[in-house]
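Q: The following block contains the structure, expressed as structure tokens.
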Amino acid sequence: MSELYVVGLGPGGKEFLTGQAMTALEKADVLCGYTVYVDLVSPLFPGKETYTTPMTREIDRCRWALETAQSGRPVAMVCSGDAGVYGMAAPILELAPDYPGVDIEVVPGVTAALSGGSVLGAPLGHDFCVISLSDLLTSWPVIENRLRCAAMGDFAVALYNPASRKRKDHLRRACDILLEHKSGDTVCGWVRNIGREGQEKKVLTLSQLREEELDMFTTVFIGSSTTRQIGGTMVTPRGYDKK
């Protein structure tokens, strides 16, 4: 049985890799993935073969990884954050029945909601949800409905892919939907380049967030009605003081 490891890298630095991820990367003969993610981790393993594809070639990449593993060479498919959160674990497992000789191990990593949340403090201290604003694979009406439901449920929300060159207004539109059910004073925050050179963060209100110009390298945090700004941090209490 040949191995295919689907590895979450977290933000990408060695200090964010789990021990399980390091072991999987060491065992693999080939590191496979989106070019940016392979470039993050390949310097840690000089001499290993790499295979990369640009964005929008995800299925081709998955099939190559499965075929290479089926040939007897252990492969690590790398993803930023966690492989199961907007990563390659799902498409790999969907294709797996066509490659019965491949043993697949999904290796968890630190997703941006967690690594970015730690930079801001504790924005996800109570119930929360994660929503991507990218409408490449999910229609905007579906995204709108999910935002509206999250706001009505008073969840803290982590927003992935808040904006890009082609989606400059998505964050503003999302804020307008959230403002239907949340106060403009709701505590929010964002972190750019989490765990990488040039990391930035900001705590602000939902009304202020609506006017921000962010990018794909930024994760946005929308507080619940109980979220507070404490000493420059963003805190959503669990309610231990009410016991």
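The values are calculated or read from the model by the stated rules, or taken from the named source; none is laboratory data. Source: prediction; values computed, not measured. Backbone-built Cβ (ideal geometry, glycine too); neighbour counts: all protein chains shown. The accessibility values were calculated without ligands, DNA or RNA, using every heavy atom of the protein model including side chains. Shrake-Rupley method; radii C 1.70, N 1.55, O 1.52, S 1.80 Å.
Q: Those residues that are among the polar types (S, T, N, Q) and either open to solvent by 60 Å² or more (accessible area, probe 1.4 Å) or within 26 Å of Ser118 (Cα to Cα) (or both), I need them from region 16-41; list them, please. Before the answer, list the steps.
A: Narrowing region 16-41 to residues among the polar types (S, T, N, Q): 18, 20, 23, 35.
Result: Thr18, Gln20, Thr23.
Q: Under 9 Å between Cβ atoms, at least 6 apart or on separate chains: pull out the pairs that start in region 70-99 with a residue that is more than 13 Å from Ala28 (Cα to Cα) and end on any residue that is acidic (Asp, Glu).
A: Cβ pairs passing all conditions: Met88/Glu58; Ala89/Asp82; Pro91/Glu58; Tyr99/Glu67.
Q: Kindly establish whether Glu197 is surrounded by fewer than 17 Cβ atoms within 10 Å (Cβ to Cβ) and part of a strand (DSSP E or B).
A: Details: surrounded by fewer than 17 Cβ atoms within 10 Å (Cβ to Cβ): yes; part of a strand (DSSP E or B): no.
No.
Q: Within region 39-71, track down each residue that is touching a Pro at 6+ places or on another chain (Cβ under 9 Å) and either on the phi > 0 side of the Ramachandran plot or among the hydrophobic types (A, V, I, L, M, F, W, C) (or both).
A: Selection gives Leu40, Ile59, Cys62.
Q: Also, quick follow-up: So Leu214 fits all but one of (1) surrounded by fewer than 15 Cβ atoms within 10 Å (Cβ to Cβ); (2) closer than 20 Å to Cys129 by Cβ; (3) of a type outside the set (Phe, Trp, Tyr); (4) in contact with a Leu (Cβ under 9 Å, 6 or more places away or on another chain); what number is the exception?
A: (1)
Q: Being within 30 Å of Thr56 (Cβ to Cβ), at pLDDT 95 or above and hydrophobic (A, V, I, L, M, F, W, C) is true for just one of Val203, Val142. Which residue is that? First the steps, then the outcome.
A: Values: Val203 fails: within 30 Å of Thr56 (Cβ to Cβ).
The unique qualifying residue is Val142.
Q: So the check is Cβ under 7 Å with 6+ separation or different chains; which pairs have a first residue in region 150-165 that's within 17 Å of Ser115 (Cα to Cα) and polar (S, T, N, Q) and a second one that's at pLDDT 95 or above and open to solvent by less than 10 Å² (accessible area, probe 1.4 Å)?
A: If the second residue must be at pLDDT 95 or above and open to solvent by less than 10 Å² (accessible area, probe 1.4 Å), the pairs left are Asn161/Leu133.
Q: Which of the numbered conditions does Thr56 fail, given that it passes all the others? Conditions: (1) open to solvent by less than 10 Å² (accessible area, probe 1.4 Å); (2) out of contact with any strand residue (DSSP E or B) (no Cβ under 8 Å at 6 or more places or on another chain).
A: (1) is the only condition that Thr56 fails.
Q: Just to verify a result, which residue in region 163-192, among those that are part of a loop (DSSP other than H, G, I, E, B) and modelled with pLDDT of 95 or more, is most open to solvent (accessible area, probe 1.4 Å)? Walk me through it before giving the result.
A: Here is the first cut: in region 163-192, the residues part of a loop (DSSP other than H, G, I, E, B) are 163-169, 179-186.
Still in the running and modelled with pLDDT of 95 or more: 179-186.
On the way: Leu179: 57, Glu180: 105, His181: 89, Lys182: 18, Ser183: 66, Gly184: 19, Asp185: 121, Thr186: 14 Å².
In this case the residue turns out to be Asp185.
Q: Any idea which of Val85, Val106 is surrounded by fewer than 23 Cβ atoms within 10 Å (Cβ to Cβ), hydrophobic (A, V, I, L, M, F, W, C), modelled with pLDDT of 95 or more and under 30 Å from Gly231 (Cβ atoms)? Reasoning before the result, please.
A: Values: Val106 fails: under 30 Å from Gly231 (Cβ atoms).
After applying the criteria, what remains is Val85.
Q: Name the single residue, out of those in region 116-152 being of a type in the set (A, V, I, L, M, F, W, C) and touching a helix residue (DSSP H, G or I) at 6+ places or on another chain (Cβ under 6 Å), that is most open to solvent (accessible area, probe 1.4 Å). Break it down stepwise before answering.
A: First, the residues of region 116-152 that are of a type in the set (A, V, I, L, M, F, W, C): 119-120, 122, 124, 128-131, 133, 136-137, 140, 142-143, 147, 149-152.
Then drop every residue that is not touching a helix residue (DSSP H, G or I) at 6+ places or on another chain (Cβ under 6 Å), which leaves 124, 129-131, 133, 147, 151.
Values: Leu124: 33, Cys129: 32, Val130: 51, Ile131: 13, Leu133: 0, Leu147: 0, Ala151: 6 Å².
Among those residues, the one meeting the criterion is Val130.
Q: Something else now. Determine which member of the set Arg63, Arg73 is modelled with pLDDT of 90 or more, among the charged types (D, E, K, R), in a loop (DSSP other than H, G, I, E, B) and open to solvent by 10 Å² or more (accessible area, probe 1.4 Å). Full working, then the answer.
A: Working: Arg63 fails: in a loop (DSSP other than H, G, I, E, B).
Selected residue: Arg73, the only one of Arg63, Arg73 that is modelled with pLDDT of 90 or more, among the charged types (D, E, K, R), in a loop (DSSP other than H, G, I, E, B) and open to solvent by 10 Å² or more (accessible area, probe 1.4 Å).
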